[in-house]
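The values are calculated or read from the model by the stated rules, or taken from the named source; none is laboratory data. These numbers were taken from a predicted model, which means no experiment stands behind them. Note: ideal-geometry Cβ built from the backbone for every residue, glycine included; neighbour counts use all protein chains shown. Surface areas here come from the heavy atoms of the whole protein model, side chains and all, with no ligands, DNA or RNA. Shrake-Rupley method; radii C 1.70, N 1.55, O 1.52, S 1.80 Å.
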Amino acid sequence: MQKRYLLAPGPTPVPPEVLAVMAQPIIHHRTPEYREIFAEVNDGLKYVFQTKNDVLTFASSGTGAMEAATANLLSPGDRVLVVEGGKFGERFREIGEAYGVEVVPIVVEWGKPVEPEVIKQKLKEEGNIKAVFTTLCETSTGVVNDIKAIGEIVKAEEAVLVVDAISGLGAMELRSDDWNVDVVVAGSQKGLMIPPGLAFVSVSEKAWNLVRESKLPKYYFSFLKAKESLNKTDHPFTPAISLVIALREALRKMKKEGLENILGRHARLARAARAAVIALGLKLFAPQAPSNAVTAVKVPEGIDGLALVKNMREKYGVTIAGGQSQLKGKIFRIAHLGYVDTFDLIVAISALEMALSELGYKVELGAGVKAAEEVLLKR
Ligand SMILES: *Cc1c(COP(=O)(O)O)cnc(C)c1O
């Protein structure tokens, strides 16, 4: 017998009460019963997104909503700025290229946040930029970007600001309206604590103006179609009914805990994770602007990073994430995202110590756990 623990930056663990509602018999979506659920979900999403704008819901993984943002805001040949400081920033560039958009990249060293001033300069230099694409938490590197400062800059321009908050939403502060974020993209299997399969986009008035002019092709992912249905608390197509029902339960849980407390919990767990790995003599990959959703850690010299992740999963039942792309084998990532609490993290740190020790890294067993406990005791 082996118990399993999921500390990956998506999918994340689903609370039992959320799993339970997904086991109920399916209901039809063109009914008052479903509409009541969807209405509550829409209110809950606005609460978590901290916005008065509509939040559109699609049946796809998060990337679907990233693609939808491009397809719905832009027209062929439009120019956009894309912050590329990791795998998910790159994805926005790849999507733009696939759609025939002219991408002006802002390349940021992996592990560092983007300097907002660089965006300001680029906007001035390039001119005629329709949209700025960036990421709240760059999950591949464990970096958080300063969206507030970027919002302040983009607000004054014609361009709209699009933020991939797929892993950041519900883990780190993101005041969509107060910070002038025009489009926020999110997914279901991260901070929202439900299985993969739903994606979300909030759209500001400034962004709707672009949407109405956009000429890139789209059909299923049309914002205008989604909005027309949303006005009637409906969907243009069959929604992922069981996931929407799960989301109502998860959002109720989030409201009960309160956004501020949720963010506080993520901050506390992240501080504990950082303290633990440092106590084990390891180095953070993104010490300058570490995300509270996921902690990226350098694999120490002489240790096989892939074996470490595998060992933790197979021997101890603890799933964390390795590095992606050029960081494969070079870093590992412990997520403390969504339905994760004190002892989930303690378990992960303990398994990390044991796996490191087994792979021949000199570690004082318990040193990481001790450091984490000291942080967590302070509350
Ligand atoms: C997970 C993630 C994505 C991709 O989402 P999928 O649901 O796998 O399509 C995109 N951006 C960020 C920042 C993520 O963490």
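Annotations
- Computed from backbone phi with θ = phi - 60° and the Karplus coefficients 6.51, -1.76 and 1.60, the 3J(HN,Hα) list for segment 8-13 is 9, x, x, x, 10, x Hz; x is used for glycine and proline.
- Only the Cβ atoms of Lys and Arg (+1) and of Asp and Glu (-1) were treated as charged; on that basis the dipole of segment 271-379 about its Cα centre amounts to roughly 320 debye.
- Taking the longest Cα principal axis of the chain as reference, the axis of helix 116-126 is set at about 40 degrees.
- Helix 342-358 and the longest principal axis of the Cα set of the chain meet at an angle near 50°.
- Entry note, the chain: the mean residue ellipticity at 222 nm calculated from DSSP H runs of n ≥ 4, each adding -39500 (n - 2.57), is -13500 deg cm²/dmol after division by the residues and rounding to the nearest 500.
- Cα-centre dipole for the chain with unit charges at Cβ (Lys and Arg positive, Asp and Glu negative), debye to 20: 640 debye
- For segment 338-371 and segment 112-132, distance of Cα centres in Å: 40 Å
- Accessible surface ranking for Trp208, Trp110, 1.4 angstrom probe, highest first: Trp110, Trp208.
- Mean Cβ neighbour count within 10 Å, used as a protection proxy, ranking 23-32, 291-300 highest first: 291-300, 23-32
- The chain: C-alpha gyration tensor shape, a/c 1.5 cut-off, then a/b vs b/c: oblate
- Judged by the ratio a/c of the largest to the smallest principal axis of the C-alpha gyration tensor, segment 217-270 counts as prolate, that ratio being 1.5 or greater while a/b is larger than b/c.
- Annotation: amide H-H contacts under 5 Å for Val82 (H modelled 1.01 Å from N, sequence separation of 5 or more, or interchain): Val104, Ile106, Phe133.
- 0 to 90° range, to nearest 10: angle between helix 305-316 axis and the chain longest Cα axis: 80 degrees
- Length gained when the stretch Arg30-Leu377 is fully extended (0.36 nm per residue, less Cα-Cα span): 120.0 nm
- In this rough spin-label picture, where each label sits 7 Å from Cα along the Cβ direction, the Gln2-Tyr219 distance is 4.5 nm.
- Across segment 324-333, coupling constants 3J(HN,Hα) worked out from phi with the 6.51/-1.76/1.60 Karplus curve, θ = phi - 60°, read 10, 6, 5, 9, 4, x, 9, 10, 10, 10 Hz, and Gly and Pro carry x.
- Scoring 344-351, 130-137, 171-178 by mean Cβ neighbours within 10 Å over their residues and listing the highest first yields 130-137, 344-351, 171-178.
- Top positive-direction residue, dipole computed over the chain with Cβ charges, set Gly151, Thr70, Gln326: Gln326
- Surrounding net charge for Lys255, when Lys and Arg each add one and Asp and Glu each subtract one, Cβ distance under 12 Å: 0
- Carbon and sulfur %, accessible surface of segment 16-256 computed with the full protein complex present, 1.4 Å: 51 percent
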